[in-house]
Amino acid sequence: MTDESRTPDAPRRGKRGRRRKPPSKRKKALVVTAWTAAGVVVLGGTGLGFVYFKLNGNIQGVDINAALGADRPADVDNGSQDILVLGSDSRSGDNAKYGKDEGAARSDTAMIVHVYKGHKKASIVSIPRDTLISRPDCTTEDGEDAPGAERQMFNSAYEVGGPACAVKTVEKMSGIRMDHYIEVDFSGFKKLIDTLGGVDITTKKAIRDKDSHLDLDAGTHRLTGEQALGLVRTRHGVGDGSDLGRIQLQQAFIKALLDQVKDVGVFGNPKKLFDLADDATSAITPDSDLNDVKSLAGFAGGLKGIGADDMKMVTMPIQYDPADPNRVLPLEEADQQVWDALKADKAIPRSATEKSAGDKGDVGDVVSSE
C-alpha cells in the first residue's frame, strides 16, 4: 500500500477493491500505526507551504460513503465516534519481503475503535480474522454483484469487495455505523517505529518465532521497526499459537507503545517531527472524509488525549467452532451486549467477555512498558 519510492501524485495501492495474495502466510499491521499517525499529523498539519502540500499529497482516501449509499445503520449523533481500523496484508511494493504477492488480499487485523463522548476514553474491539460470519451482498472491484454468503471468514469480506465490503460487514454484524475507516500496512508501521527511534518493551517470557523472524530473550528491549513488526505478527512464539493469542499480544503492545509515544521528544526537533508526519500520512489509507491534512488533523485532535490507561481493549466474544477448531463463531448474546454498550456510548460490561475464548490465555502479560 505504501511505497517509499512513489511520488505524492503516483497511484496508491490502497484504493478500494484491490486484490492481493491469498491467505497462506498472511500477517498483519497494527491499529497503533493509525493512532500514532493521527497524533503526529496534528503537529505536522500545522506546517505551511511545502510541509502542508507534501503531507497532503501522501494521503489517498477511499470513498466509503459513496460505495455504501443509504444501506447503513443510522448515524447516531451523541458525541462519540466509531472507527474501523484494518491491517493491510499486501505483499506488493515494500511488503514483498514478507511473502509472494499472488493477487488477492484479506484484512487480518480488524479493530473497532469507539471513542466516547468527550473524547477522553475509548474501547477497542478486535475481530478475529477467522470468525465465521454472514457476509452481506457486496460489490467487487469490477463493479459486479457479489451475493452474500453464510459461514464466511470475516477477513474474506475485504478480498471480495475491498474496504467498502469490510465496513458493510462490520456494520451488519454490529448495527453500528462506522464514522471513519483507516487502513495501515506492514512497511508503513515498520518505518514509523524506526523514525520514532524504536519502542522500549519488556518481555516477561522469551519469544521465538521463525515465521515472524522474532527472537527475543526475556527482559527489556528497544525494538526496531522490523522487530516491532515481528512482535505484532508473531503467532507461534506465544500462548497456544492461535490467532487469538496474537490479538492479545497486539493489544498489549499497543498499550506499551502508547505509554511512551508522548515522550519521544519530537516537539523541539522540526526535522524529526516532519519525518514522523511524512511517515504517518504515507502509512495510512483513510476514508474520504479524512482525505487531507486539515481533516485528518481535526480528527486526530479528538484522539491525542487518550492514553493507554484510558482505553479498554477486548476481543469480540467468540467460541471455537465445534466443526472446525481453526475457526471461531460469534457468541451472539455476548456480542449483542458489546454492540449495545457501544451504541449507547457506555462501557463494555465485564459479563460480555466472561465466557469468550478470545480473552483467555496467558499472552496479555507477556509484554509491558519498560
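The values are calculated or read from the model by the stated rules, or taken from the named source; none is laboratory data. Note that the structure is predicted; figures quoted are calculated from it, not measured. Note that we place each Cβ from the backbone using ideal geometry, even for glycine, and neighbour counts take in every protein chain shown. The protein model used for the area step is the full one, side chains on, heavy atoms only, and it has no ligands, DNA or RNA in it. Shrake-Rupley method; radii C 1.70, N 1.55, O 1.52, S 1.80 Å.
Residues that are at pLDDT 80 or above and among the aromatic types (Phe, Trp, Tyr) within segment 273-325 comprise Phe299, Tyr320, listed in sequence order.
Is it the case that Lys191 is touching a Gly at 6+ places or on another chain (Cβ under 7 Å) and modelled with pLDDT of 80 or more?
So Lys191 passes the test.
Look at Arg177 and say whether it is in a loop (DSSP other than H, G, I, E, B) and at pLDDT 95 or above. It is true that Arg177 is in a loop (DSSP other than H, G, I, E, B) and at pLDDT 95 or above. Does Val160 satisfy the condition of being at pLDDT below 95 and either part of a strand (DSSP E or B) or crowded, with 18+ Cβ neighbours inside 10 Å (or both)? The answer is yes for Val160. The conditions of being out of contact with any strand residue (DSSP E or B) (no Cβ under 8 Å at 6 or more places or on another chain) and on the phi > 0 side of the Ramachandran plot are not met by Gly162. Looking only at residues of segment 184-234 that are in contact with a Ser or Thr (Cβ under 7 Å, 6 or more places away or on another chain) and among the hydroxyl-bearing types (Ser, Thr, Tyr), we find that the one that is most open to solvent (accessible area, probe 1.4 Å) is Thr220.
Selection over segment 288-307 of residues that are open to solvent by 10 Å² or more (accessible area, probe 1.4 Å), part of a helix (DSSP H, G or I) and in contact (Cβ under 8 Å) with a residue 60 or more places away in the chain gives a count of 6. Condition test on Val76, is it among the β-branched types (Val, Ile, Thr) and either at pLDDT 85 or above or open to solvent by 40 Å² or more (accessible area, probe 1.4 Å) (or both)? Against the criterion (among the β-branched types (Val, Ile, Thr) and either at pLDDT 85 or above or open to solvent by 40 Å² or more (accessible area, probe 1.4 Å) (or both)), Val76 qualifies.
Checking segment 211-224 against the condition returns a match, with at least one residue being among the polar types (S, T, N, Q) and out of contact with any Gly (no Cβ under 9 Å at 6 or more places or on another chain). Name the residue that is farthest from Glu150 (Cα to Cα), counting only residues in segment 164-175 that are in contact with a helix residue (DSSP H, G or I) (Cβ under 7 Å, 6 or more places away or on another chain) and open to solvent by 10 Å² or more (accessible area, probe 1.4 Å). Among those residues, the one meeting the criterion is Gly175. Whenever a residue of segment 54-76 is in contact (Cβ under 8 Å) with a residue 12 or more places away in the chain and part of a helix (DSSP H, G or I), its partners that are of a type in the set (Val, Ile, Thr) and open to solvent by less than 70 Å² (accessible area, probe 1.4 Å), lying with C-beta atoms within less than 6 angstrom and at least six residues away or across chains, give the pairs Leu55/Thr281; Leu55/Val293; Asn56/Val293; Asn58/Thr281; Ile64/Val167.
Scanning segment 308-321 finds one or more residues that are open to solvent by 20 Å² or more (accessible area, probe 1.4 Å) and in contact with a Lys or Arg (Cβ under 6 Å, 6 or more places away or on another chain). Which ones in segment 129-143 are part of a strand (DSSP E or B) and more than 19 Å from the chain's Cα centre (by Cα)? Leu132, Ile133, Ser134, Arg135, Cys138, Thr139, listed by residue number.
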